[in-house]
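Chemist: So that we are looking at the same thing, I have put the structure below in structure tokens.
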Amino acid sequence: MDEDFVERRPGDLEMYRRLDACAETRLAPDAAAMARIRAALMGQAVAMADAGAATMALPLQPATTLPQGPFLALRRPKVSRSSAAFLAACLCLGLVAGSVAASAAGGPFYGPRLWLEEATLPSAPLAHAHGQLDRLDARLDEIRVATANRNAGAVEAALLAYAEIVDDLEAQAMGNPAVAADVLDDLAHRQMVLIALMGKVPPQAQDALAHALQQGANAVEVIAEDGNPGDPVRGRGGGTTNQGDSGGTGNNGGGGGGGSGDSGSGNQVRTGTGQDGKDKPDDPADEPRATPKPKPTPKPKPTPKSTPVETQQAPTETPSESSGGSRDQGGGMSRQDQGGDEQGDAD
Amino acid sequence: MTLDEAAVERLVGDAQAGDPRAFGRLFDHYHASVYRYIVSRVHRPSDAEDLTQLVFVKALEALPRYEARGIPFGGWLFRLARNAVIDHVRTHRDHVGLESASERPGGDAGPDEIVAVRQAFDEVAAALDALTDEQREVIALRFFAGLSAREAAAVMGKQEGTVRGLQFRAIAAMRRTLGIEDPETTVVERRLRPTGEKPIGPSGIG
């Protein structure tokens with residue numbers, strides 16, 4: 001920009017002239033001083049150029065000539081990443097190992113583990129019972145391991161868990177004959193295993209073992225009663241005679257007995273036959289014979305306003321009154337079983 | 001030494017590429033104007049020489065990062081000088097008048113001439129002292145460093161019109177101080193530097 005057109009007055013020109021004169025004559029630099037400055041600057045410029053050339057040449061050097069320190073420093077992020085991954089893996093492993101150890105018998109997580117086991121059992125009764133049997137096996141294994149390690153706390157915890165599982169199995173089998181029949185033998189077998197452990201478990205766990213054994217024995221007894229009422233051990237053989245009398249109706253008789261256990265009439269009849277103590281007909285004379293047809297019951301006079309109960313009671317009373325022998329008992333039993341069934345249903 | 005803008009840019013490129021001689025030529029081109037600007041602001045020749053060297057050292061170190069983004073190399077260099085002056089003034093509170101800058105003998109001039117020049121300079125220095133700081137800055141950049149209004153505006157970080165206004169008011173104030181009257185009140189259009197002497201300013205530094 002050589003020319004600079006500005007609005008000015010003639011007096012300004014004199015001012016410009018004076019300023020220019022000052023700059024040229026009084027503010028001019030000392031030549032010697034500027035020469036020194038220039039020499040210093042040129043030396044620095046040459047040094048910087050040399051340094052720049054050396055810097056440019058640095059990347060061309062092979063990596064093997066680099067000292068160990070900077071090389072490691074360059075790779076530090078990679079090492080850190082792998083170290084972090086290793087640490088994370090160790091942490092996860094430690095957590096898993098700690099959790100497993102803590103969830104062993106007697107550990108702090110043993111209770112939650114048992115709860116989780118029970119919560120994940122199937123809801124179908126039979127499958128649930130099988131799952132509980134598996135859990136009993138697991139408890140027995142824990143008892144064996146803890147006994148071998150002389151870990152009384154773990155043995156005690158496993159025995160208590162065993163007893164609770166047995167309780168649950170008993171409750172499951174009580175109302176379900178199929179489950180009862182399925183688990184009875186298995187439960188008895190595990191009871192034998194538990195008995196075999198007597199004298200081996202640590203003394204501190206003897207009480208828990210006795211409790212588990214008692215719990216198991218009770219459960220076996222109750223399930224056996226529930227699933228097979230004709231068990232002679234209990235002296236209740238009402239259903240046995242029924243089996244002898246009518247074959248296929250034996251179960252019905254048992255069921256009727258079970259259902260009518262609370263009722264007075266059915267129990268009386270079965271008790272009478274059960275007192276004979278005959279599970280099977282020893283005497284050929286006692287073998288069942290074809291039940292003669294009962295005499296036709298005279299039809300009661302039609303009572304227009306009779307209740308259904310009265311209508312049912314009339315025919316059942318008639319054969320009982322006319323029956324006298326064992327064959328009649330059978331017939332009477334079948335009718336009473338019907339009544340028992342009804343009562344059982346009503347129950 | 002006169003260089004046009006394109007030649008300056010070529011030298012800058014060579015200096016950035018690591019050519020010390022190119023930087024030497026840039027120093028030769030700019031050192032006088034930089035020194036004049038600095039000495040007009042700090043008033044002490046020894047300090048001005050140190051600051052001049054400091055400015056060129058900073059320029060040498062910062063040259064690889066220099067990019068001409070609308071500001072020519074001259075403007076960038078005088079920004080460095082202005083910052084150096086500001087730092088110096090901030091750390092050196094002792095006030096020295098501009099007349100201290102004329103302690104050096106005036107070459108081969110005769111005693112009468114030296115006295116006359118010195119008297120004229122002292123008057124101008126006194127008039128400059130009466131200006132505001134921004135007005136003094138504009139006078140230093142425009143008349144001592146020889147920058148154009150646009151370059152001075154770029155160095156000061158102001159609009160070109162603002163710089164022109166500051167210059168107008170500074171000249172008017174100095175005229176009043178020095179008692180320079182208008183022979184006539186006409187508006188003329190002529191060159192900024194009417195004297196045919198050694199050119200300084202924008203034409204001088206390209």
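The values are calculated or read from the model by the stated rules, or taken from the named source; none is laboratory data. Quick caveat: nothing in here was measured; it's all calculated off a predicted structure. Here the Cβ positions follow ideal geometry from the backbone for every residue, glycine too, while neighbour counts run over all protein chains shown.
Chemist: Please pick out the residue among A:131, A:153, A:106 that is without any contact (Cβ under 8 Å) to a residue 12 or more places away in the chain and either outside any loop (DSSP other than H, G, I, E, B) or at positive phi (or both). Spell out the reasoning first.
Modeler: On the way: A:153 fails: without any contact (Cβ under 8 Å) to a residue 12 or more places away in the chain; A:106 fails: without any contact (Cβ under 8 Å) to a residue 12 or more places away in the chain.
None of the others qualify; the one that does is A:131.
Chemist: Suppose we keep only residues that are farther than 22 Å from residue B:66 by Cα and outside any helix (DSSP H, G or I) within region B:3-47. Which one would you say is modelled with the lowest pLDDT?
Modeler: My answer is B:43.
Chemist: Something else: So which residues in region B:52-68 are among the hydrophobic types (A, V, I, L, M, F, W, C) and surrounded by 14 or more Cβ atoms within 10 Å (Cβ to Cβ), if there are any at all? Outline the logic, then answer.
Modeler: As a first pass, look at region B:52-68 and keep what is among the hydrophobic types (A, V, I, L, M, F, W, C): B:54-57, B:59-60, B:62-63, B:68.
If the condition is that a residue be among the hydrophobic types (A, V, I, L, M, F, W, C) and surrounded by 14 or more Cβ atoms within 10 Å (Cβ to Cβ), then B:54, B:55, B:56, B:57, B:59, B:60, B:63, B:68 are the ones that fit.
Chemist: Got at least one residue in region B:55-75 being within 12 Å of chain A (Cβ to nearest Cβ) and not in a helix (DSSP H, G or I)?
Modeler: Taking every residue of region B:55-75 in turn, at least one turns out to be within 12 Å of chain A (Cβ to nearest Cβ) and not in a helix (DSSP H, G or I).
Chemist: Test of understanding: among B:160, B:134, which residue is out of contact with any Ser or Thr (no Cβ under 6 Å at 6 or more places or on another chain) and closer than 15 Å to residue B:37 by Cα?
Modeler: Values: B:160 fails: closer than 15 Å to residue B:37 by Cα.
After applying the criteria, what remains is B:134.
Chemist: Could you count how many residues in region B:7-42 are closer than 29 Å to residue A:19 by Cα, more than 10 Å from chain A (Cβ to nearest Cβ) and among the small types (Gly, Ala, Ser)?
Modeler: Selection size over region B:7-42: 1.
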